[in-house]
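In what follows, a single structure is set out as structure tokens and then discussed.
The numbers here are math on the coordinates, done by the rules we state, and not lab data. Everything quoted here is computed from the prediction, not taken from an experiment. All Cβ positions, glycine included, derive from the backbone under ideal geometry; neighbour counts span all protein chains shown.
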Amino acid sequence: MAYIEDLLERMWNKTEVKDDCWIYTGSLSHNGYGNVSVHDKTERVHRVSWMIYKGPIPKGLIICHNCDNPACWNPEHLFSGTSLDNSTDSKNKGRTNGGRKPVLYLSQRQTRRKYLYDLQLRRVGKV
Ligand SMILES: [Zn+2]
């Protein structure tokens with residue numbers, strides 16, 4: 001459990017809140033997605049955010065932004081879709097998703113995720 005808090009701390013240490021977007025300012029991929037190290041593997045920040053706040057990424061789907069800001073990881077700005085929904089992401093699909101199980105989802109109860117989410121909202125000054 002503590003791992004997720006540490007991870008979120010690392011992510012927040014490299015994030016600027018702009019409008020409603022949580023813009024990752026750490027390492028970015030060539031196409032603008034945030035990179036964060038999770039269990040010694042590089043993961044996309046928005047995908048990590050999805051796994052923490054919403055659960056496993058549905059098989060065969062990718063995580064897209066409705067704010068068109070690839071570095072953003074506000075879970076409210078993310079939705080799952082097919083590669084057709086987001087052609088810029090499709091070339092990454094095989095490498096980053098590939099049907100492999102998410103590393104972060106710990107079948108936490110809803111209250112736990114809500115707690116973490118409220119924590120982040122407080123940190124960004126929304127509550
Ligand atoms: Zn956003």
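Residue order for 3, 33, 53, fewest other beta carbons within 10 angstrom first, comes to 3, 53, 33.
Fewest-first ordering of 63, 4 by other beta carbons within 10 Å of each residue's beta carbon gives 4, 63. Take the Cα of residue 14, step 7 Å toward its Cβ, do the same at residue 61, and the gap between the two points is 2.7 nm. I want to make sure I understand the PRE zone here: with the label point 7 angstrom from the Cα of residue 3 toward its beta carbon, which residues in the stretch 39-78 have backbone N atoms less than 18 Å away? Flagged as within label range: 39-57.
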